[in-house]
Amino acid sequence: MTACAAPSDAMPAPSANELAEAERQGDATPQAAPQPKPAAEPVAAPSFTYDGELTQGGWIKGEVPEGTVTASLDGVALEIADDGSFLGAFDRDSGDTALLVAQLEDGRSHEERLVIAPRAWKIEHVNVARGTGRSSEAWWKKREPEWLAIKAARAKETNATGWRQDFIWPVKGRISGRFGSQRIYRGEPGSYHSGLDIAPGAGTPFVAPADGVVVLAATGFSLEGNLLIIDHGGGLNSAFLHAQSLNVKEGDAVTQGQMIGRVGSTGRSTGPHLHWGIKWNDARLDPLLFLPDAQ
Ligand SMILES: [Zn+2]
């Protein structure tokens, strides 16, 4: 058995003489008779090209098919750059497939189903009741405006193009908490850890992992403490929590590697560390999947 069988309905390939004849005639010479299209080379269906981390909390970058007007990933609209590039991503709790859809200018649509690898999240069962301290009316009175400010910041559209870059570590240090880990309190799941914790020591400067625009620079938030949110464009943004101090303000454009603050322990934090969360639209992502392996 051959390793790669040619399609049995293929037209015979043109002979060398026929090809040579066609070349001599050149493009300007009208053909006497229409040439049948060889069946072995059908007009390729337009398709997405992409590469990335096809797993829960991961992402893809690629290009939409030629002639795409709009495109979506599991129903979420993709922002398509002028050159056809796009970013898409998969929530921590993404199902095992995701659907890429392109609407083409000729009225057709094109679909591709992606297979999303599951992750083995660190789940810890603890024999204590889940805390309820955050649900009191007094707490929510302080919390609500903070929550609204974060929501509004994340909805801001900027023209940042950092989503195209390979991210760098905002700071190097011990990993003190991983994205996605979760505690189960006497059978009741707590919310999972929404970011990556890096603990290099209080006062250590941290930098922008990619280009972006500061959409929130807040101080004294109940949970986040001093909080920076940077929009990287393409629906992608980074949040940095518990900072000792912030070096940038809302509206500032930042470039990859630029110092943006110092690591601290403000807000609800048990020790100095940088909590870095990444979102693409509503999907929460694993920062480690954006980084080179080595610190
Ligand atoms: Zn954290």
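Stretch S265-L54 to full length: gain in nm at 0.36 nm per residue minus the Cα-Cα span?
Values: separation 211, 0.36 × 211 = 75.96 nm, distance 3.35 nm.
Here the answer is 72.6 nm.
State, to one decimal in nm, how far the label point of W139 lies from the label point of T70, with both points 7 Å from Cα in the Cβ direction.
The two pseudo-label positions are separated by 4.0 nm.
Size of region 165-294 along its principal axes in angstrom, Cα-based, largest extent first?
For region 165-294, the Cα extents along the three principal axes come out at 46, 28, 28 Å.
Note down the nm distance, to one decimal, between modelled labels 7 Å out along Cα→Cβ at T255 and at E124.
Output for this residue pair reads 4.1 nm.
What is the gain in length, in nm to one decimal, between E79 and R174 on full extension, counting 0.36 nm per residue of separation less the C-alpha to C-alpha distance?
Values: separation 95, 0.36 × 95 = 34.20 nm, distance 3.48 nm.
Working it through step by step, the gained length comes to 30.7 nm.
Around K279, with a cut-off of 13 angstrom between Cβ atoms, what is the net charge of the other residues, counting Lys and Arg +1 and Asp and Glu -1?
Working: positive: R92, K151, R154, K156, R284; negative: D91, D231, D282, D286.
Once all neighbours under 13 Å are counted, the net charge is +1.
Rounded to the nearest 20 Debye, what is the dipole magnitude of region 123-290 about its Cα centre when Lys and Arg each give +1 and Asp and Glu each give -1 at the C-beta?
Values: 19 positive and 15 negative charges, 87 e Å.
Its charge dipole is roughly 420 debye.
Counting Lys and Arg as +1 and Asp and Glu as -1, each charge on the Cβ, what is the dipole of region 73-173 about the Cα centre in debye, to the nearest 20?
Numbers: 15 positive and 17 negative charges, 185 e Å.
Roughly 900 debye, rounded to the nearest 20.
If R₀ is 30 angstrom, what is the calculated FRET efficiency for the pair S222 and I184, using the beta carbon separation as r and rounding to 0.05? Walk me through the numbers on the way to the answer.
On the way: r = 25 Å, r/R0 = 0.82.
Calculated value: 0.75.
Can you tell me the dipole magnitude for region 49-115 around its Cα centre, using point charges on the Cβ only (Lys, Arg +1; Asp, Glu -1), in Debye to the nearest 20?
On the way: 4 positive and 15 negative charges, 34 e Å.
Its charge dipole is roughly 160 debye.
Normalised by the empirical 2.2 N^0.38 Å for globular proteins, what value does the Cα Rg of region 110-211 take? Don't skip to the answer; put the middle values down first.
Working: Rg = 18.5 Å, N = 102, 2.2 N^0.38 = 12.8 Å.
That ratio works out to 1.45.
What does the charge count near I123 come to, summing +1 for each Lys or Arg and -1 for each Asp or Glu among other residues with Cβ under 15 Å from its Cβ?
Details: positive: R92, R119, K122, R130, R178, R183, R186; negative: D93, E124, E188.
Overall, the nearby charge balance is +4.
Where does each of 122-129, 229-236 land if you order them by average Cβ count within 10 Å, highest first? Before the final figure, lay out each step's value.
Details: 122-129: 10.2, 229-236: 25.2.
Peptide ranking by packing, descending: 229-236, 122-129.
No lab work stands behind these numbers, since they all come straight from the coordinates. Treat the numbers as computed from the prediction; the structure is a model and nothing was measured. In this analysis, Cβ positions are derived from the backbone assuming ideal geometry, glycine residues included, and neighbour counts consider all displayed protein chains.
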